[in-house]
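The values are calculated or read from the model by the stated rules, or taken from the named source; none is laboratory data. Worth saying up front: this structure is predicted, and the values here are computed from it rather than measured. Note: ideal-geometry Cβ built from the backbone for every residue, glycine included; neighbour counts use all protein chains shown.
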Amino acid sequence: MTQPTDRVLAEEASLVERSRDGDDRAFGELVTRYQALAARVARFVAPGCDVEDAVQEAFVKAWYAMPRFRRGAAFRPWICRIVANEARNRVRSARRRDALVLREAAAGAAPTAPVPDAEVLAREDAESLVRALNRLRPDDRLVIAYRWLLDLSEAEMADALDVPAGTVKSRLSRAMAKLRTEIAQEGVRP
Amino acid sequence: MSVDRLSRMDDERLGRAVRSLEPILVVPVSPDVREAVADAIQAGRPPPRHLSSRARIVILVAAAVLALATAAVAARFVIDLGGVRIEPPPTGVPSVSHPPLTGPAFGEPTTLGAAGDEAGVRPIVPPALGQPDRVWITRGIEPGSVMVAMAWFPRKDLPRIPGTPYGASLIEVEGDADLVAKYVDPRNVRTSGGAYWIARPHEVELLTGDGTRTFHVTGHTLIWERGDLALRLETHLPLADALALAGLPG
């Protein structure tokens, strides 16, 4: 996922403004743009919940909260926050399920194109890393996902996590330390 | 690369390792909710309620614990608070330390007069508490759902609530919508003077337009209804003193 361009941001600002004024078609465009992201956020927070239901309810809530949406604020972290809260509400009754699952490694399949600015991992290491991520608390997994899988900026992360901007780095650092601990556990597992 | 090397990476490299998972992760099937959301909006349907339909302040009781409580206690919850949501206990969810319910958590700072104007109802200020030192207002998800919160700083008759700068806080919820929810073991809930009394630390959820936030409550809380208002008073006082402050029979 990449950072949105200026043109995309300008379009989005217009959609948000129209949605604030009660234009449900403009809001529908926002739903189309962000429902895939919302599904991923819900999955990171509450893997066992009904993702579609959580996403739908989050957008309906967002619609009703639009008049109070701060003018000039970014929509992406705001909707992330609402979805994460919605998913968190549902995690209590959700069955345990892994948040992150790797695709099956097909024999003879061509290797996937490397992601720019990413470490290259052997399959076995990727599996260990995913298992470690899945053992993290949902909020720690979410902060890591926001930074490294969804590419939110620090300011967006602060909005999405509803924390002061100055605490984002320390939260991420704590989550990474916990991830490192979980990875170390991989090494001692039978 | 070995697990040992992974665990020795600095944050930046480990983050880039996480990023490398991106193309090989199973991505959840993206739901197409646009139509369902549009239908809900056009029908004017408010979002599905998170909690029971009638309760404004709701005590949530873990099902496993409720099974141990008497039927009379369970029935009284339903009658007096307008509804109770029974949920399985949050098993499998690691415990999270939540912030105390203070300051901005209550909403936007305001004055008593402005809060009354906006809420469309005059907030009740128990005479024994006097004029509040702080007032906030928060809107719920649904139209007409509003919460006014007040706080008083510690004084001789109001010892400080642990973890907060206040001696008392009072939340008043107007509207037929869920805004405040508590997770409480029913064995820790007493009834007295037509009110509910919880003197154990517990979690409280505020369901506002910004989503649901959870806070840790360290004080003693008294919950009652007056007309269309649901009230929640938190202090660090014994029950009899809290009832007297609220103007309820002891």
(Q) For the stretch A:63-72, check the following and say yes or no: at least one residue is in a helix (DSSP H, G or I), out of contact with any Pro (no Cβ under 7 Å at 6 or more places or on another chain), among the charged types (D, E, K, R) and without any contact (Cβ under 8 Å) to a residue 12 or more places away in the chain. (A) yes
**Q.** In the stretch A:16-53, the residues that are touching a Pro at 6+ places or on another chain (Cβ under 9 Å), more than 8 Å from chain B (Cβ to nearest Cβ), under 30 Å from A:Asp140 (Cβ atoms) and surrounded by fewer than 18 Cβ atoms within 10 Å (Cβ to Cβ)
**A.** A:Asp53
Q: Tell me which residues, restricted to the stretch A:68-86, are farther than 30 Å from A:Arg135 by Cα, more than 9 Å from chain B (Cβ to nearest Cβ) and not hydrophobic (A, V, I, L, M, F, W, C).
A: A:Arg70, A:Arg71, A:Gly72
**Q.** Members of the stretch B:131-147 that are more than 19 Å from B:Gly103 (Cα to Cα) and either among the aliphatic types (A, V, I, L, M) or modelled with pLDDT of 85 or more (or both)
**A.** B:Ile141
Q. Conditions: (1) at pLDDT below 80; (2) in a loop (DSSP other than H, G, I, E, B); (3) facing another protein chain (nearest Cβ under 8 Å); (4) under 19 Å from B:Pro31 (Cα atoms). A:Ser93 meets all but one. Number of the miss?
A. (4)
**Q.** Neighbours by Cβ (under 7 Å, 6+ apart or cross-chain): first from the stretch B:17-33, facing chain A (nearest Cβ under 7 Å); second at pLDDT 85 or above and assigned to a loop (DSSP other than H, G, I, E, B)
**A.** B:Ala17/B:Met9
Q | Pairs where the first residue, in the stretch A:162-175, is touching a residue at least 40 places away in the same chain (Cβ under 8 Å) and the second is surrounded by 14 or more Cβ atoms within 10 Å (Cβ to Cβ), C-beta under 7 Å, 6+ apart | A | A:Asp162/A:Arg81
(Q) Quick check on my filter: what residues within the stretch A:125-174 are crowded, with 19+ Cβ neighbours inside 10 Å, acidic (Asp, Glu) and within 11 Å of chain B (Cβ to nearest Cβ)? (A) A:Asp125, A:Asp140, A:Asp159
